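Visitor: Here it is, the structure in full.
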Amino acid sequence: MDPETITVLIADDHTVAREGLRAMLDDDRELQVVGEVADGIEVLEVAAALQPNVVLMDVRMPRIDGLEATRQLKAKYPSIAVIMMTSYDDEPLVIDAVQAGAAGYLLKDVSRDLLRHTIKAVASGGILIKGVLLRKAIDSLIRVRQPAAPDGEVVEELTLREQEVLKLVAEGSTNKDIADSLSLAEVTVKKHVQSIIAKLRASDRTHAAITGLRIGLIK
């Protein structure tokens, strides 16, 4: 397998839905579907074995649902990006998806082009959730006023450059987008993002963006 190929795991309890998603991806040389599963427990088991770059996660699945599967998956494997797939375009569900760690949120009637674009964007570190809904989700989480760090610890101060990077992360920019915007090398951006995640004690970049907004590092 080409190391540049983005590997994808499809999780949906309906065979027709899995087949439809695979058909939309099969002729894209940059993407490879490495597995299909039908429930939340299988997601965790197969993702552990295959370590895909991206999981297309149905919200409604047997045994454990997509939201809980995402929480558990991101806790163990924060580098795996999750795109939540659903028939429901409702704000509470988007909020739950963001809180669980999803980097993307798509309706099941998504076009082929948007699906492929979203997979590639989240695999590169972007957050692809409709801007208005993402902002509402983050605002809702801010109002909850969850602790910024475990046990009330004070997070380590970000540099000015890291604050710039975090602001762009919160806007959904990929590492390449950020590199272009700030005239940096992409590898440098990646190091900044890793540092931000560590300093904010976040599980991934989505969580880092939420934490940064909640504690006022970015507005």
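Throughout, read-outs are computed from the coordinates displayed, never taken from laboratory work. Everything quoted here is computed from the prediction, not taken from an experiment. Quick reminder, even Gly has a Cβ in these numbers, built from the backbone with ideal geometry, and neighbours come from all protein chains shown.
Visitor: Mind giving me the FRET efficiency for residue 32 and residue 108? R0 is 22 Å, r the Cβ-Cβ distance, nearest 0.05 is fine.
Guide: 0.55
Visitor: Can you tell me which aspartates and glutamates have their Cα less than 12 Å from the Cα of residue 108? Leave out same-chain residues fewer than eight positions away.
Guide: 12, 58, 89
Visitor: With a cap of 12 neighbouring Cβ atoms within 10 Å, and only residues DSSP puts in a loop, list the trypsin sites (Lys or Arg not before Pro) found in segment 1-105.
Guide: Answer by residue number: 29.
Visitor: Would you work out the charge dipole size for segment 1-64 about its Cα centre, treating the Cβ of every Lys and Arg as +1 and the Cβ of every Asp and Glu as -1, and quote it to the nearest 20 debye?
Guide: So the dipole magnitude of segment 1-64 works out to roughly 200 debye.
Visitor: Given the Cα-Cα distance of residue 5 and residue 22 and 0.36 nm per residue of separation, how much length would full extension add, in nm?
Guide: Fully extending the segment from residue 5 to residue 22 adds 4.6 nm.
Visitor: With +1 on each Lys and Arg Cβ and -1 on each Asp and Glu Cβ, and nothing else charged, work out how big the dipole of segment 147-214 is about its Cα centre, in Debye to the nearest 20.
Guide: Roughly 80 debye, rounded to the nearest 20.
Visitor: Check cross-link reach from residue 76 to the aspartates and glutamates: straight Cα distance under 14 Å, and skip same-chain residues fewer than eight apart.
Guide: Excluding near neighbours in sequence, the set is 45, 68, 204.
Visitor: Quick one: which residues, 5+ away or cross-chain, put their amide H under 5 Å from the amide H of residue 6? H built at 1.01 Å from N.
Guide: So residue 6 has HN proximity to 31, 32.
Visitor: Residue 15 versus residue 187, label points 7 Å from Cα toward the beta carbon: distance in nm?
Guide: With each label placed 7 Å out from Cα toward Cβ, I get 4.8 nm.
Visitor: Next up: Can you pull the three principal axis extents for the Cα set of the chain, in Å, largest first?
Guide: The Cα atoms of the chain stretch 48, 36, 31 Å along their principal axes.
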